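A quick write-up on the structure given underneath.
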Amino acid sequence: MGNAYRYQCPSCGKQDKISFGGGMMAEAFHCDSCGKEKMVSLERIMEANSRFTNALIAEHPDSYIDPLLDDWRKNGVFGKDAEMLEAYLDGIAAAIGRCFCGGRWSPIGTPSCPSYGAMIPEEAYSQDERICWD
């Protein structure tokens, strides 16, 4: 299940929404360099998602994927998990290309303000205006 949050950019004050995760039809990605957001049809990334999901289940059989990605987003990715993520990002790049800035689309990329370009810290997300989507 995906989540969308309202946020206020700490740099320019603009209010907007940011999405994380995926649903039945699409998944939210952020560029690992500039933070731009892109919603991608699951149909376009099915093969890469399948390989990544199978690798995650083999490595973390007792974990759910969304909380694992949230942990990686907050604390970083290390060891074998980093290798799995790199292979996944390469598969996503092969399926949908790279961001205009040259970065790769990532499920754990840090979002940025579309107006100002500043990275949006998690503290700026409004928990009161969270929307769960599928």
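The values are calculated or read from the model by the stated rules, or taken from the named source; none is laboratory data. Keep in mind it's a predicted model, so treat the numbers as computed, not measured. Counting neighbours? That spans all protein chains shown, and the Cβs are built from the backbone with ideal geometry, glycine included. Quick note on the areas: whole protein, heavy atoms, side chains included, nothing else; ligands and nucleic acids left out. Shrake-Rupley method; radii C 1.70, N 1.55, O 1.52, S 1.80 Å.
Among the conditions (1) in contact with a Cys (Cβ under 9 Å, 6 or more places away or on another chain); (2) among the small types (Gly, Ala, Ser); (3) farther than 21 Å from Ala4 by Cα, Ala55 misses just one, which is (1).
Tell me which residues, restricted to segment 53-66, are modelled with pLDDT of 85 or more and within 20 Å of Leu42 (Cβ to Cβ).
Passing the criteria: Thr53, Asn54, Ala55, Leu56, Ile57, Tyr64.
When segment 30-82 is filtered for residues that are free of Cβ contacts under 8 Å to residues at least 40 places away in the same chain, β-branched (Val, Ile, Thr) and outside any helix (DSSP H, G or I), only Val77 remains. Entry remark, segment 86-134: residues being at pLDDT 90 or above, within 18 Å of Phe20 (Cβ to Cβ) and among the hydrophobic types (A, V, I, L, M, F, W, C) number 5 in total. Looking across Glu83, Glu37, Glu27, Glu47, one residue alone is open to solvent by 50 Å² or more (accessible area, probe 1.4 Å), under 14 Å from Gly2 (Cβ atoms) and either at pLDDT 90 or above or in contact with a Ser or Thr (Cβ under 6 Å, 6 or more places away or on another chain) (or both). It is Glu37. A Cβ distance below 7 Å, combined with a sequence gap of six or more or placement on separate chains, defines the contacts here; from segment 99-124, residues that are in contact (Cβ under 8 Å) with a residue 60 or more places away in the chain and open to solvent by 20 Å² or more (accessible area, probe 1.4 Å) reach residues that are assigned to a loop (DSSP other than H, G, I, E, B) and of a type in the set (Asp, Glu) in the pairs Arg104/Asp32.
Of all residues in segment 58-80, those that are touching a helix residue (DSSP H, G or I) at 6+ places or on another chain (Cβ under 8 Å) and open to solvent by 30 Å² or more (accessible area, probe 1.4 Å) total 7.
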